[in-house]
There are 2 protein chains.
Amino acid sequence: MFDAASLSESEKRTDPKIRLEQMLSALRKNDFRITPQRLAVLKILAVSKGHPSAEEIHSRVKEDFPTTSLATVYKTVTLLREIGEVLELGFGHESSRYDGNKPYPHPHVICIRCHRIMDPEIDALTEMSDEISRKTGFEILNHRLDFFGICPECREKE
Amino acid sequence: MFDAASLSESEKRTDPKIRLEQMLSALRKNDFRITPQRLAVLKILAVSKGHPSAEEIHSRVKEDFPTTSLATVYKTVTLLREIGEVLELGFGHESSRYDGNKPYPHPHVICIRCHRIMDPEIDALTEMSDEISRKTGFEILNHRLDFFGICPECREKE
DNA sequence: CTTCATGCAAAACATTTGCAGCTGG
DNA sequence: CCAGCTGCAAATGTTTTGCATGAAG
């Protein structure tokens, strides 16, 4: 698992404890219960620097709370997605990945070899969104920008 | 089915007959056989202005060639994807959609109500790609840029 | 207490695969 | 001919769902 990524990215993350509090408040505000299982999932999401899959979340949650089922993990991330506290990155084939740190659309760079996912700096995206609105008449609510390629480490190994 | 989209998009499409020939040559060049089933799938892809799903392709292919199985459709689009003659647009949940007219990455605008997909004009994407390369050290091979929102028609109906 | 959450197992999907038989070149 | 393709059905892998039991508030 390659979560180390670059320092510049990790530096920008919200402090895990604060992020956890934010997610907890979001649950409370919407009158959802805070169960041990949910708490465990939130903790993983708050602490993860990367973009864990449901399966990954599940196995990590089980360390803390061994009886947690995969279904509960799915129910929890779906709930969090609905209240805007998690970003779901769906890929056609493999399983989805989740980002609990930046639950709003942002670009990704994905290594097709080791599956590491990074969050690069890009601006000019809201402008692009506006441009699309103007040209197509769509009301743009959301977007997704992913780049696929080979990360420096995997390129070295070639 | 809302394939009419905007004139400016459809005007840019390659003529279906030419596109079909291109796909056929690609198959021949790679020593793949041209079977009636494959021909039927190619025809649908060449003629479609939109972004049909495997299921849609299948039901349209069956009109011409009733015994064609869904598995063959999948095998064919997968083959075409591998030789770069079709772009697969995978969505986490629902089924993938395929574009046989512009088999290279390009932005999409997707209506979350009627599921119409349009191809807007955007430049500045290759620049963006280069910027990412420079900043992350990734070798960028591919990308995906999708905007989600509500199309003018669906907005009127509200 | 009562409503909502959990966990299991089963269902629901889209997609892939194994394989016997068929067919394009 | 015969390697490669088809079509069926079964397998796969992820995500969802129904429902009885359990726990949060």
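Any read-out appearing in this document is the output of simple, stated calculations on the displayed coordinates, not a laboratory observation. The model shown is predicted, which means the values in this text are computed figures rather than measured ones. With ideal geometry, Cβ positions are generated from the backbone for all residues, glycine too; neighbour counts draw on all protein chains shown.
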Based on this model, can you work out whether A:GLY84 counts as under 14 Å from the mean Cα position of the chain (by Cα) and small (Gly, Ala, Ser)? yes
Answer yes if at least one residue in the stretch A:92-106 is within 21 Å of B:ARG97 (Cβ to Cβ), within 11 Å of chain B (Cβ to nearest Cβ), exposed (fewer than 15 other Cβ atoms within 10 Å of the Cβ) and touching a Phe, Trp or Tyr at 6+ places or on another chain (Cβ under 9 Å), and no otherwise. yes
Residue check for A:GLU85: loosely packed, with under 15 Cβ neighbours inside 10 Å, in contact (Cβ under 8 Å) with a residue 40 or more places away in the chain and among the acidic types (Asp, Glu): no
Residue count, the stretch A:134-158 (criterion: more than 7 Å from every other protein chain (Cβ to nearest Cβ) and surrounded by 13 or more Cβ atoms within 10 Å (Cβ to Cβ)): 2
If you check A:LEU80 against the conditions, is it under 28 Å from B:ARG97 (Cβ atoms) and either within 8 Å of DNA strand D (Cβ to nearest atom) or within 14 Å of chain B (Cβ to nearest Cβ) (or both)? no
Provide a single number: the residues in the stretch A:31-59 that are more than 14 Å from DNA strand C (Cβ to nearest atom) and among the charged types (D, E, K, R). 2
Selection within the stretch A:51-75 - more than 10 Å from DNA strand D (Cβ to nearest atom) and more than 24 Å from A:CYS114 (Cα to Cα): A:LYS62, A:GLU63, A:ASP64, A:PHE65, A:PRO66, A:THR68
Subset tally (residues that are surrounded by 15 or more Cβ atoms within 10 Å (Cβ to Cβ) and closer than 20 Å to B:TYR104 by Cβ) for the stretch B:21-46: 10
Collect the residues in the stretch A:108-126 that are farther than 22 Å from A:GLU156 by Cβ and among the aliphatic types (A, V, I, L, M), keeping them in residue-number order. A:ILE122, A:ALA124, A:LEU125
Considering every residue within the stretch B:26-44, establish whether at least one is within 14 Å of chain A (Cβ to nearest Cβ), more than 8 Å from DNA strand D (Cβ to nearest atom) and closer than 24 Å to B:CYS114 by Cα. no
Could you list all residues from the stretch B:112-124 that are surrounded by 16 or more Cβ atoms within 10 Å (Cβ to Cβ) and either more than 18 Å from the chain's Cα centre (by Cα) or at the interface with another protein chain (Cβ under 7 Å from one of its Cβ atoms) (or both)? B:MET118, B:PRO120, B:ILE122
